[in-house]
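Peer 1: Sending over a structure as structure tokens; questions will come in a sec.
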Amino acid sequence: MGVKNIAIFGGTFDPVHKGHLYAVEIAIKKLFLDKLIIVVAKDQWRRKNIIQASPSERLDMVNLAINEERFDSKTRLLNYENKFIVEASDIDIKRKGKTYTIDTINEIRSLYGKKHSYFFLIGADVALDIHNWKNFNDINSLVNIVVVNRKIHEKIMPEIKERYNFLSENLIEGVSDETSTNQRLGWSNQGFLEDHGGGVVKIINYASVVEYISKNKLYGYA
């Protein structure tokens, strides 16, 4: 079977959006991945913002986004062998008690085999704090930490680049401002968000995710 490149991309995905999957596309291309696992967190006790959708709802939305990409003839979530390699995981949701990244990494390594090369994808904002996480030294030895660029103050970029591998591409136009925070704000206004110039713009997401948010009245959607 040989050594494979496997990436773990964890988060609350509250909700998932096209910016997340664009980051996945960059990682697939740059890291020559054989598999990318999107791990939906049950909770994130270090997170400042309150998680609004339930774990099962967030997992549903991630699977909807993945399936929409899978059946899109123009999808870019393909590896070097032209295979669709993205899947969602609920291992954090199923785990009892408080969940930590080191537990997720160890469980995935047990499931897929320890001889493979593992990558752990994080945003630049998370990179500033990850060294404070539980068992960080073990995390750093078991996986290659890779930072996916998000808009962040230029002065702290050198600090991050010095510590970790860095995927340098900026998010594409129209997706760069699509954070989960903006998504939640937008859906509370029926899918529209005020931009920096005071105008109103329609937020971007997968059609199936939009339908799910509307049907289940998530994020204040009425």
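The values are calculated or read from the model by the stated rules, or taken from the named source; none is laboratory data. This structure is a prediction, so every number in the text was calculated from the model and none was measured. Ideal geometry is used to build each Cβ from the backbone, glycine not excepted, and the neighbour counts take in all protein chains shown.
Peer 1: Could you check, for segment 42-50, whether at least one of its residues is modelled with pLDDT under 95 and either buried (at least 20 other Cβ atoms within 10 Å of the Cβ) or small (Gly, Ala, Ser) (or both)? Working first, answer last.
Peer 2: First pass over segment 42-50, keeping only residues modelled with pLDDT under 95: 42-50.
With the extra rule that they be either buried (at least 20 other Cβ atoms within 10 Å of the Cβ) or small (Gly, Ala, Ser) (or both), the set shrinks to 42.
Among the residues of segment 42-50, at least one is modelled with pLDDT under 95 and either buried (at least 20 other Cβ atoms within 10 Å of the Cβ) or small (Gly, Ala, Ser) (or both), which makes the answer yes.
Peer 1: Can you tell me which residue within segment 82-115, out of those that are of a type in the set (Ser, Thr, Tyr) and surrounded by fewer than 20 Cβ atoms within 10 Å (Cβ to Cβ), is modelled with the lowest pLDDT? Lay out the reasoning, then the answer.
Peer 2: Pass one, segment 82-115, residues of a type in the set (Ser, Thr, Tyr): 89, 99-101, 104, 110, 112.
Add one more test, that the residue is surrounded by fewer than 20 Cβ atoms within 10 Å (Cβ to Cβ), and what stays is 100, 110, 112.
Working: TYR100: 91, SER110: 96, TYR112: 95.
Result: TYR100.
Peer 1: Let me ask another. Among the numbered criteria (1) at pLDDT 95 or above; (2) out of contact with any Ser or Thr (no Cβ under 8 Å at 6 or more places or on another chain), which single criterion is violated by ILE37?
Peer 2: For ILE37, the failing item is (2).
Peer 1: Okay, moving on. Does segment 95-152 hold any residues that are hydroxyl-bearing (Ser, Thr, Tyr) and under 22 Å from LYS35 (Cα atoms), and which are they? Please lay out each step first, then the result.
Peer 2: As a first pass, look at segment 95-152 and keep what is hydroxyl-bearing (Ser, Thr, Tyr): 99-101, 104, 110, 112, 117-118, 141.
Those that are hydroxyl-bearing (Ser, Thr, Tyr) and under 22 Å from LYS35 (Cα atoms): TYR100, THR101, THR104, SER110, TYR112, SER117, TYR118, SER141.
Peer 1: Between a residue in segment 55-81 that is farther than 27 Å from LYS42 by Cα and any residue that is in a helix (DSSP H, G or I) and of a type in the set (A, V, I, L, M), which pairs come within a Cβ distance under 6 Å, given they are 6 or more apart or on different chains?
Peer 2: ASN79/ILE28
Peer 1: Okay, next question. Would a scan of segment 189-200 turn up a residue that is farther than 19 Å from PHE9 by Cα, surrounded by 11 or more Cβ atoms within 10 Å (Cβ to Cβ), at pLDDT 70 or above and small (Gly, Ala, Ser)?
Peer 2: yes
Peer 1: Another question, if that's okay. Which condition from (1) within 25 Å of VAL143 (Cβ to Cβ); (2) modelled with pLDDT of 95 or more is the one that SER56 breaks?
Peer 2: Condition not satisfied by SER56: (1).
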